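Everything below concerns the one structure shown next.
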């Protein structure tokens with residue numbers, strides 16, 4: 001069995017085979033401040049004051065408009081809080097940061113678990129061997145009450161990566177390159193397992209980057225079944241338990257095997273308006289930028305900001321360019337404070353915000369205006385997504401270098 | 001059962017060059033700026049509001065109309081509103097070669113019919129499906145009929161879960177029925 005088949009097998013009585021629909025137990029059920037109010041509304045309409053199936057497995061995570069910047073969002077968060085109070089549900093409130101990351105940090109999304117939330121990047125949890133899945137507010141309200149949901153078991157494809165990369169190339173460049181090669185067809189509606197020495201050694205942060213963009217590959221979830229000591233140590237530190245990494249069983253069957261050679265990989269940039277529109281950084285050096293963004297569930301970990309600070313330390317963001325920095329969580333924020341990284345970023349001229357989903361949804365900081373060109377560490381550059389401007393997607397160091405010179409650049413160009 | 005036969009006029013989502021638009025994401029269907037709205041009746045006015053060339057769709061569409069679109073429709077976010085906005089306009093169903101995984105679930109769960117029809121892009125290319133053609137869909141048989149052009153076409157039949165949830169009128173009603181049974 002493949003990784004996803006094994007996880008689902010542990011959560012269902014039904015026969016597990018790709019294409020089959022099973023009823024699957026859900027270990028963690030969550031909703032955020034977008035979607036959450038409708039989850040509460042659906043729940044109360046359908047179930048009234050009947051308690052949720054298990055309040056210790058049910059959570060709200062506020063991350064999209066934190067703290068609320070307008071009355072409508074403030075109202076919506078309060079609807080969630082009041083529902084949570086009545087139902088004795090824990091709220092990771094406006095201070096906590098990105099819900100999926102908080103679930104990892106809190107050890108709630110553990111290897112082999114099933115997790116749902118109103119976040120299409122919930123499959124980011126594949127980074128820690130958890131089957132995370134974004135769902136809509138009907139699904140989540142149902143899961144709050146039933147503790148389970150239906151799921152069509154996807155086929156799994158294997159992506160074999162040949163070659164290694166090193167600074168200034170990062171997990172983001174690897175991810176964008178895979179996206180370029182896979183497009184939105186090969187991985188569509190499939191689980192993806194990534195193999196190869198370049199991914200085996202990845203840290204938690206790098207794994208999050210790769211797994212987060214499985215959504216942009218149109219995949220269901222991504223897993224990295226091999227891991228090294230670094231990742232094991234990081235996971236042990238988070239949960240204070242021995243980390244058990246989830247691997248496929250012998251004789252696992254794959255719908256497709258895709259080989260990608262990453263030897264000689266250089267920094268990659270996705271041009272508007274598709275995350276798959278990926279180019280070598282050198283092809284886009286004529287593109288002048290107005291703003292940069294470092295953060296988001298894809299690149300909002302301490303390691304990402306440390307890499308950016310390595311480029312920005314002792315340098316200044318170009319006059320007229322604004323660089324926005326948003327840590328994924330409050331924990332990351334503290335690590336940046338303690339490590340002096342925030343100071344380096346501040347001294348370079350960056351604007352530093354509290355933790356959250358900035359740069360993606362209208363709500364937290366980071367919208368672009370008409371004509372504005374932004375380079376972002378985000379995961380989507382769809383037209384109109386982050387405002388009316390154009391968004392290029394890149395790694396933290398490419399965003400940092402670009403903000404110093406005012407056009408798309410690699411740290412090697414400085 | 002009446003619910004199993006659907007008919008209506010179609011809107012083929014073409015771009016300026018006349019090509020079927022692929023990868024339409026949930027921000028193009030229902031922009032995140034309106035996610036604070038929780039009343040379905042108010043969502044229809046924003047349907048396709050961020051899709052170039054289709055911003056006037058809510059004014060043009062009539063109840064029962066059918067949308068034909070390119071592959072990976074509803075890519076992107078998990079927002080239910082991207083389905084609800086079409087329910088709000090009383091759109092009859094959506095036909096595409098494929099849908100974003102979450103989008104597909106969301107539609108199934110609220111009993112809104114979404115059909116996977118691998119041939120739809122070819123049919124559009126050969127002008128066998130054109131905006132304002134009247135089509136008739138037999139969900140049970142898995143058969144489509146373009147009444148205007150007198151052409152038939154097939155689509156992937158509904159899975160048993162999708163079928164059952166659709167007949168029940170959504171996931172909540174379906175689950176209630178299961179308990180009683």
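The values are calculated or read from the model by the stated rules, or taken from the named source; none is laboratory data. A quick note: this is a predicted structure, and the numbers were derived from the prediction, not measured. Here the Cβ is made from the backbone with ideal geometry for all residues, glycine too, and neighbour counts use every protein chain on show.
Structure data summary
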{"read-out": "So residue A:31, is it closer than 30 Å to residue A:2 by Cβ, touching a helix residue (DSSP H, G or I) at 6+ places or on another chain (Cβ under 6 Å) and crowded, with 20+ Cβ neighbours inside 10 Å", "value": "yes"}
{"read-out": "Some residue of region A:53-60 being touching a helix residue (DSSP H, G or I) at 6+ places or on another chain (Cβ under 6 Å), surrounded by 21 or more Cβ atoms within 10 Å (Cβ to Cβ) and over 14 Å from residue B:36 (Cβ atoms)", "value": "yes"}
{"read-out": "Enumerated helices (runs of 4 or more DSSP H) restricted to region A:329-409, each holding at least 3 residues that are in contact with a strand residue (DSSP E or B) (Cβ under 8 Å, 6 or more places away or on another chain) and under 30 Å from residue A:92 (Cα atoms)", "value": "A:330-338, A:341-348"}
{"read-out": "Sole exception among (1) farther than 17 Å from residue A:383 by Cα; (2) within 14 Å of another protein chain (Cβ to nearest Cβ); (3) at pLDDT 95 or above for residue B:7, by number", "value": "(2)"}
{"read-out": "Test result for residue A:233, over 22 Å from residue A:163 (Cα atoms), without any contact (Cβ under 8 Å) to a residue 40 or more places away in the chain and outside any loop (DSSP other than H, G, I, E, B)", "value": "yes"}
{"read-out": "Candidate set from region B:123-144 (those that are over 16 Å from residue B:9 (Cα atoms) and in contact with a helix residue (DSSP H, G or I) (Cβ under 6 Å, 6 or more places away or on another chain)); member that is surrounded by the most Cβ atoms within 10 Å (Cβ to Cβ)", "value": "B:139"}
{"read-out": "Failed condition for residue A:248, given (1) in a loop (DSSP other than H, G, I, E, B); (2) over 25 Å from residue B:50 (Cα atoms); (3) in the same structural domain as residue A:345 (by TED's automatic domain parsing)", "value": "(3)"}
{"read-out": "Residue within region A:8-27 that is under 25 Å from residue A:93 (Cα atoms), at pLDDT 95 or above and surrounded by fewer than 24 Cβ atoms within 10 Å (Cβ to Cβ) present", "value": "yes"}
{"read-out": "Matching residues, region B:66-81, being at the interface with chain A (Cβ under 7 Å from one of its Cβ atoms) and either more than 17 Å from residue A:117 (Cα to Cα) or not in a strand (DSSP E or B) (or both)", "value": "B:72, B:76, B:77, B:78, B:79, B:80"}
{"read-out": "Top-ranked residue in region B:82-102 [being in a helix (DSSP H, G or I) and within 8 Å of chain A (Cβ to nearest Cβ); ranked as nearest to residue A:38 (Cα to Cα)]", "value": "B:83"}
{"read-out": "Residue A:108 vs. criteria over 22 Å from residue A:201 (Cα atoms) and in a loop (DSSP other than H, G, I, E, B)", "value": "yes"}
{"read-out": "All positions within region A:19-52 that are touching a residue at least 12 places away in the same chain (Cβ under 8 Å), farther than 29 Å from residue A:189 by Cα and more than 10 Å from chain B (Cβ to nearest Cβ)", "value": "A:44, A:49, A:50, A:51, A:52"}
{"read-out": "Residue check for residue B:58: modelled with pLDDT of 95 or more and more than 10 Å from chain A (Cβ to nearest Cβ)", "value": "yes"}
{"read-out": "Residue check for residue A:66: part of a loop (DSSP other than H, G, I, E, B), touching a helix residue (DSSP H, G or I) at 6+ places or on another chain (Cβ under 9 Å) and in contact (Cβ under 8 Å) with a residue 12 or more places away in the chain", "value": "yes"}
{"read-out": "Any hit, region A:110-119, residues being within 12 Å of chain B (Cβ to nearest Cβ), closer than 28 Å to residue B:32 by Cα and modelled with pLDDT under 95", "value": "yes"}
